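> Here it is, the structure, as structure tokens.
The values are calculated or read from the model by the stated rules, or taken from the named source; none is laboratory data. Predicted, not measured: the structure shown is a model, and the values here were computed from it. Cβ sites come from the backbone with ideal geometry, for glycine too, and all protein chains shown count toward neighbours.
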Amino acid sequence: MVATTLLSAAALAGIALASPINVARELNKNYKTDVTIHESCNATQRRMLEKAFADTFEVATVAQEYVAKNGPEDPVFQKYFGKEKAAFATVLGVWESLLTSDKENVIFRCDNPDGNCGQVGWRGHWRGDNATQETVICDASYTDRYYNEYFCMNGYTVAGSPLGTHWSIDLIHRMFHVPSVTNELVGHYSEDYASALELAEHNATYSPMDSDALQAFAAHVYAVEVAGGGDACIGQPAESHDHSSSAAPASSAAPAATSSAAEACHTHADGAVHCESDSAASSTTAAAAAAQTSAAVSQDCHTHADGTVHCV
């Protein structure tokens, strides 16, 4: 009886050792931390995107190092992420994921497979259900975005200018939408700079995972620590706008079904349109998916796959 019991235990141990969960992993295997630039990008686009991604990883690295060195008691950290105990590890982990996650199949392309770049003002979009690992950069990005050297120039302020003014912050945003980059942790819990600050003050549970808060924090830290712009480059936030008045639900169609949207909008895989505010732009009427609502969508909106419209 004892022998049988021992044999059974040994057999079970053997099964456990042979099971996939106990197999040694290839911790030293090669994996890709840089995104792939698609063959649809010509030589000029490729050069610009390579510079843009270098800027992106520079800003993300500065943000990560700032968090690690200054900790959760830092006033800038608390301004964007509040005082929840989990905020420190979460924010640090987001930047770590963006910088070091395996991006073997993360692709940025320059063609227009879904037709969204034909919409007025669209600068790019995540392909969503059409190709969850792919992002399209539209032609307007190459004329409208600025590199890191332009931080704090030409009246730019973190609080008062669109988050996507610079390539680096825009690409941070776009990478957050790719599921494999942060394991779908980051989402849109605020709609603009002012509401991101309100979220941190009144409902900080979501702030460390809020796309706008993370982008604004990265821009703030870079503007002060690297660009040397000081308070003048941070600026003052405008009043947070009412989400219901500036964005209306779109249909649940996939991004490719959207036929038009306001300037600098892009569509998410969940069907929602996300737009970044730009005081210099006039709003346009979203058609197709967004046409089912009669509301105007502000500049830089994009559609999520669930059909909702998000505007910053």
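> Taking the condition of being under 16 Å from MET175 (Cα atoms) and without any contact (Cβ under 8 Å) to a residue 60 or more places away in the chain, how many residues in region 40-55 meet it?
2
> Counting only residues that are β-branched (Val, Ile, Thr) and in a helix (DSSP H, G or I), which one in region 143-165 is surrounded by the fewest Cβ atoms within 10 Å (Cβ to Cβ)?
THR143
> Within region 45-63, identify whether any single residue is aromatic (Phe, Trp, Tyr) and at pLDDT below 95, and answer yes or no.
Looking for residues that are aromatic (Phe, Trp, Tyr) and at pLDDT below 95, one finds none in region 45-63, hence no.
> Please identify the pairs in which a residue from region 56-85 that is at positive phi has its Cβ atom under 7 Å from the Cβ atom of a residue that is buried (at least 16 other Cβ atoms within 10 Å of the Cβ) and in a helix (DSSP H, G or I), counting only partners at least 6 apart or on another chain.
Qualifying pairs under 7 Å: GLY71/PHE88; GLY82/ALA200; GLY82/SER207.
Listed here are the residues, each with its yes/no results for (1) free of Cβ contacts under 8 Å to residues at least 12 places away in the same chain; (2) of a type in the set (A, V, I, L, M).
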{"residue": "ALA87", "(1), (2)": "no, yes"}
{"residue": "ASP111", "(1), (2)": "no, no"}
{"residue": "HIS125", "(1), (2)": "no, no"}
{"residue": "ASP144", "(1), (2)": "no, no"}
{"residue": "MET153", "(1), (2)": "yes, yes"}
{"residue": "MET175", "(1), (2)": "no, yes"}
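> Does any residue of region 95-102 turn out to be modelled with pLDDT under 95 and either in a strand (DSSP E or B) or touching a helix residue (DSSP H, G or I) at 6+ places or on another chain (Cβ under 8 Å) (or both)?
yes
> Please pick out the residue among ALA194, ALA140 that is within 27 Å of THR33 (Cα to Cα), hydrophobic (A, V, I, L, M, F, W, C) and surrounded by fewer than 20 Cβ atoms within 10 Å (Cβ to Cβ).
ALA140
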